[in-house]
Protein chains: 4
Amino acid sequence: MSLNSFGHLFRVTTWGESHGPALGATVDGCPPGVAVDEAMIQHWLDKRKPGTSKYTTQRREADEVEILSGVFEGQTTGTPVQLMIRNTDQRSKDYGDIAEKFRPGHADITYWQKYGIRDYRGGGRSSARETAARVAAGGLARAALKSLLPNVEITGYLTQIGPHKIDRERFDWAEIGNNVFWSPDAIAAGEWADYMDALRKSGNSVGAAVEVVARGVPAGLGAPVYGKIDTDLAAAMMSINAVKGVEIGEGMAAAELTGEENADEIFMGNDGNPVYSSNHAGGILGGISTGQDLVVRFAVKPTSSILKPRQTITKSGQSAEIITKGRHDPCVGIRAVPVAEAMMACVILDHVLLHRGQIGGAAGETRGKIG
Amino acid sequence: MSLNSFGHLFRVTTWGESHGPALGATVDGCPPGVAVDEAMIQHWLDKRKPGTSKYTTQRREADEVEILSGVFEGQTTGTPVQLMIRNTDQRSKDYGDIAEKFRPGHADITYWQKYGIRDYRGGGRSSARETAARVAAGGLARAALKSLLPNVEITGYLTQIGPHKIDRERFDWAEIGNNVFWSPDAIAAGEWADYMDALRKSGNSVGAAVEVVARGVPAGLGAPVYGKIDTDLAAAMMSINAVKGVEIGEGMAAAELTGEENADEIFMGNDGNPVYSSNHAGGILGGISTGQDLVVRFAVKPTSSILKPRQTITKSGQSAEIITKGRHDPCVGIRAVPVAEAMMACVILDHVLLHRGQIGGAAGETRGKIG
Amino acid sequence: MSLNSFGHLFRVTTWGESHGPALGATVDGCPPGVAVDEAMIQHWLDKRKPGTSKYTTQRREADEVEILSGVFEGQTTGTPVQLMIRNTDQRSKDYGDIAEKFRPGHADITYWQKYGIRDYRGGGRSSARETAARVAAGGLARAALKSLLPNVEITGYLTQIGPHKIDRERFDWAEIGNNVFWSPDAIAAGEWADYMDALRKSGNSVGAAVEVVARGVPAGLGAPVYGKIDTDLAAAMMSINAVKGVEIGEGMAAAELTGEENADEIFMGNDGNPVYSSNHAGGILGGISTGQDLVVRFAVKPTSSILKPRQTITKSGQSAEIITKGRHDPCVGIRAVPVAEAMMACVILDHVLLHRGQIGGAAGETRGKIG
Amino acid sequence: MSLNSFGHLFRVTTWGESHGPALGATVDGCPPGVAVDEAMIQHWLDKRKPGTSKYTTQRREADEVEILSGVFEGQTTGTPVQLMIRNTDQRSKDYGDIAEKFRPGHADITYWQKYGIRDYRGGGRSSARETAARVAAGGLARAALKSLLPNVEITGYLTQIGPHKIDRERFDWAEIGNNVFWSPDAIAAGEWADYMDALRKSGNSVGAAVEVVARGVPAGLGAPVYGKIDTDLAAAMMSINAVKGVEIGEGMAAAELTGEENADEIFMGNDGNPVYSSNHAGGILGGISTGQDLVVRFAVKPTSSILKPRQTITKSGQSAEIITKGRHDPCVGIRAVPVAEAMMACVILDHVLLHRGQIGGAAGETRGKIG
């Protein structure tokens, strides 16, 4: 039982602090024979990398991944894969000012209370830098999924920044990669740019909502009642820094629906598989995937490190005012997109392996047939 | 790794189906010396029991718990506690009609696809009856918390049924036990009664939102980055039948806030502990409890077993119309309240034990001091 | 992480005390579709049952198993299987005498020290009665193995009681079921009967050695480096009451061999699989099964409850002499045979499921081919 | 559930292959505030380092450890500790000759069968080089034990090489560090030197027996019935490369003893704690430590890589003769001593943390008092 690990059979343990020499992911349980190299993992890390637009932290990290074990001649061997990323731009001096004061909304006070250690260097283990290790592990999970279930596609995007939401009528998959906000709605992306420009000038930050969709996921994944695929997705997303809410399909709005409205009607599709009239369920019934799109949504709170003065206390219990300079993301939700995709890739792969263990057969094969 | 288990050190494994001979919880890791007997656990089961009002299922289950192990002369021994509940009112014949058809919105189709076994008797393992075992385990967790941290109080209540929400201005802790909806707002309870009466007549069902608050929780509980207390709470709540969204503190609304609005300012309290100006964080920063109230909220979708006709398919792939008679909860969210309280009790106790293991000292003691 | 559980995917949690109302095994992860009923499990319990000869405890327990969950219409459903055995012959009064004194060589002193609870009734949780639950779980594992790998045969037998060992030259599989000692050597069985008769009269007890062999196990099972199949077998056997040593293949005698003597030479068999000139390895290389017989051996210490007076102390720290009356096994090793078989069945099934999860394909299929 | 991890709360995951760029241990669950630096861990690695005498492999590895995370300003922070060791002397060409042939007694055939990947470079993951990571993790465990239980002393030594055993009458703790065999008997060390010189010349290898003793371990550690401290020690030792048998206290010899002989009589000591007349139990009763010395013994088989020609097969199924050149330990048991000490340190620390979690209080405090 490691509390820095997640996953059942595809087990990822992340390690490392914001300003230590390195961070990484120790991944155990990756099947053998998966074609993977550093470039394939780097591809996803580059998507998360800081400093790619003026809306993310200006910290400059190359985020170059090294595969230290578990891969031989371009294939996984079935043994643990160590994915290491060296930290290169740790300007610890930026943080000297806040070594004594706790930032409101930040984990530094609770880490201090729990551990009695104050690693003031950029948040230490609580920093969002830890998510680079998740993205690396997710890159490996994607490579494995590609060989086991080549039709699975995992795509994340922002649906909301502060008061501005996307318009679902304008949703366009192709647009997502065209703007720095991973917005599926070009007009919303423009609104966000304006909003964020004003916000940055004022030294403030803002929350966001992220949605991740996995298409091509077979029916049958998930293990009731505490290894449900939605349970694992909720845990995976909630474990990401700053996340305060997680929804599957209808999410919190399910509270408003009647049974008649909510139940997705079932028909037979042309390929002999069930099709559904709608997807209120977000692709999951009873904790098991239905074969529809898996739809997960979550909210990220605004970064607590801001230039606006806030009241706080020091380690010695004195009242103080705090302004956090450093280099911070004004909307940490933007960089949460690739992180959430990575978490979803890990959860799906994990459940493919579990399903295979419990049921047998090829990846994605179910035991019960319809028709 | 059991997929029907949750918790790290206080480890609960539930077992049993809706219409089997019995169901229960195997609880490992309860500390020794906890005063507990069947009556103490029965108290909580009675709160969840079916048939207590016209708004819940009319199935008649005594839900009497037997302690089969782990308790000797009124105290836990430190060995596994087996909590068993016999099923007594399994009218399987009610379900004969739906043995071939899949209910839209119900887990019977995914269980069939995954396992190739159709336990049509009342949903088998996917039935909300499984939650009786959770409530029993939660009763044990509460007994242990009572001896370790007597100030912890865990209270759940409904905040929304369908379109009707409580008014936070009218929130009254004392009201919660006065109505069959666990509503902290007497006026909302009245609206819900009217709404539910109409709904029941029409053979429909409806969703709900539940909030659970734990007061008196010490700072320092939670183990970043994948054993965060919010991660474990999110998983615990999402694992409850029909839950589609989970929120901590501000929850999904955090997407709308600025950093200035969201960050709870910190002051020193008279007792030498930090106090906060607000609780947007829901009592958790960086996955660790702050000492404020822990606030969790979740949405429950409407029961899928309704009298309204819906389109579906049969096991052999034929189109069919379905109406589910049986005896079902028109708003399963009502009975989710004691279940959610139980899950929260288990998560808190688990983290008290983990914290004690990692840090040492008495329950709730932190390592870092302020002031 | 439950400390009363073992197994990775086939996860067995035992619960219950010697003199509580019941004991049992909660088994999670059994694949769906396994044909099983109470009679199939009872078969193995009857083999372990007390009172079957004058060389085992005279306690009279029916040891009747009830399947409370996870089986529907004669097949496992893929959900947790609860196997419960009611205790019926708990003569607690026999133990009144020793409620204050600690038995030398018995766990009652360490349980007291650890838990501060004295369940003096027959050893409580530390009693060998707990092993009935293991045998029940093993019966389920055997049923699952029968459907997945019908050629696997698991057989245990005694190889030594006190100073008397079997003669390997006289080894006869067919003899094992013919005597009350599970001896593969009829002559040794006769010696043991004489030896045990004298021992019983003197009120003494004696140790024993047990060997378990699994034939028909495919190559490829085991997950280096901490889920090796020999690691899991060592843990499984050492966890049985009174076991003090575990050996694989050559075991402790490997210390004496040279590399030339020890290395089993490899040839191609007629069926296209490797064959080995010998089996010093006990069927395991690098923690992975070779396809040869799995051979595990272990020593059981003599029962500590004897009629011979021994020096001890009381709970209040006073010196005392102790004689244990009760009804005890003079050689607990005899009844360890079916227990060890059960543990081996569980470990093999568990690794079949793990292998299937990691590698895919049918049970026992390997990824690397030879030839 | 990672199969390359061990420990419950102090959780060690090792990673890396013999000839990859690096190997290491990801350690989660180390308590905060432990004073540790690279030199303290290096101390133990130097003890295991290859090439320190003519009786171990001549591979030249500096085995320099880097702490990449979890330590800040000379103290552990409570977050994962990454211990990395770069491989520097990977002469892969030595192994070219055996890329196609399987070594009798070696894991290369089973790894191939299981994974379908042939990492012929020095045994890949199955190499004893993996144990360097264990020693590093053990160094951290020792540092933590030093702060929690300063009286614990863990010492390993050889008791047998091939046919030559130590004489227990000559046992001398002080002698252990004086010879290259970690022998507590100077005369045996001399015999071993002569024996090994002859063996090396003949190109053969030999087995050995190792004993590890932990003194100063408090009563109460261990969690029945599957997290017993002897169960965990058996698993820990059996997981070490080439180990074929594990014994606690009397070990396999317990089969020969009567109850009267075996039961260690109990008295009250001057310090108010129980003392025992003997230690047949090896310091463990019912899976829980008694406060006596913990005594574990295990046998290591001879290295399979020898210069003696042996019959084998190739990957394509052809018969072949094999001689393994490379640089191998003629008696791998010698270097197993520091590895076993490391494993014992990890197991003891893990159980200290578990005990503290379940019982509370200071490290080593028990709940039940005597007297």
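Seen through its C-alpha gyration tensor, with square-root eigenvalues sorted a ≥ b ≥ c, the range D:89-210 comes out oblate because a/c lies at 1.5 or above while a/b is not bigger than b/c. When each of the peptides A:72-85, A:332-345, A:157-170, D:309-322 is scored by the mean number of other C-beta atoms lying within 10 Å of its residues, the order from highest to lowest reads A:332-345, A:72-85, A:157-170, D:309-322. Seen through its C-alpha gyration tensor, with square-root eigenvalues sorted a ≥ b ≥ c, the range A:30-82 comes out prolate because a/c lies at 1.5 or above while a/b is bigger than b/c. Assuming charge only on the beta carbon of Lys and Arg (+1) and of Asp and Glu (-1), the dipole of the protein assembly as shown about its Cα centre is about 0 debye to the nearest 20.
Contact order, relative form, for the range A:5-359: 22 percent (alpha carbon pairs under 8 Å, 6 or more residues apart, mean separation divided by residue count). Counts of other chain beta carbons within 10 angstrom of each beta carbon in peptide C:139-150 average 0.
Of all lysines in the structure, the ones whose alpha carbon falls short of 22 Å from that of D:Lys369, not counting any fewer than 8 places away in one chain, are C:Lys101, C:Lys114, C:Lys315, D:Lys228. For peptide B:30-40, the mean count of partner chain Cβ atoms within 10 Å of a residue's Cβ comes to 2. Protection proxy ranking for B:129-139, A:190-200, using the average of other Cβ atoms within 10 Å per residue and placing the highest first: B:129-139, A:190-200.
Taking the accessible area of chain C, probe 1.4 Å, and keeping the other protein chains in place, the carbon and sulfur fraction comes to 48%. Per residue, the accessible area of chain C comes to 29 Å², computed with a 1.4 Å probe over protein heavy atoms only.
Where chain B is rotated onto chain C, the residue of B whose Cβ comes nearest the axis, and that gap in whole Å, is B:Thr26, 2. Inter-chain neighbour count for C:275-284: the average number of beta-carbon atoms from partner chains within 10 Å of each residue's beta-carbon is 3.
Summed over both chains, the accessible area lost when A and B associate is about 9100 Å², using a 1.4 Å probe. Magnitude of the charge dipole for the range C:5-359, about its Cα centre and with charges confined to Cβ atoms of Lys, Arg (+1) and Asp, Glu (-1), is about 1700 debye.
Please report how far the C-alpha centroid of the range B:123-191 lies from that of the range B:237-287, rounded to the nearest whole angstrom. Using only Cα atoms to place each centre, the spacing works out to 20 Å. Packing around the peptides B:33-45, B:261-273, taken as the average count of other Cβ atoms within 10 Å per residue, puts them in this order, highest first: B:33-45, B:261-273. Computed on the Cα trace of chain B, the radius of gyration divided by the Kirkwood hydrodynamic radius gives Rg/Rh = 0.98. Scanning chain C for long hydrophobic helices, with DSSP H runs required to stretch 15 angstrom or more by C-alpha along their axis and to average at least -0.5 on the Kyte-Doolittle scale, returns C:131-148, C:186-201, C:333-359.
The values are calculated or read from the model by the stated rules, or taken from the named source; none is laboratory data. These numbers come from a predicted model, not from an experiment. Heads up, the Cβs are rebuilt from the backbone with ideal geometry, glycines too, and the neighbour counts pull from every protein chain shown. Surface areas here come from the heavy atoms of the whole protein model, side chains and all, with no ligands, DNA or RNA. Shrake-Rupley method; radii C 1.70, N 1.55, O 1.52, S 1.80 Å.
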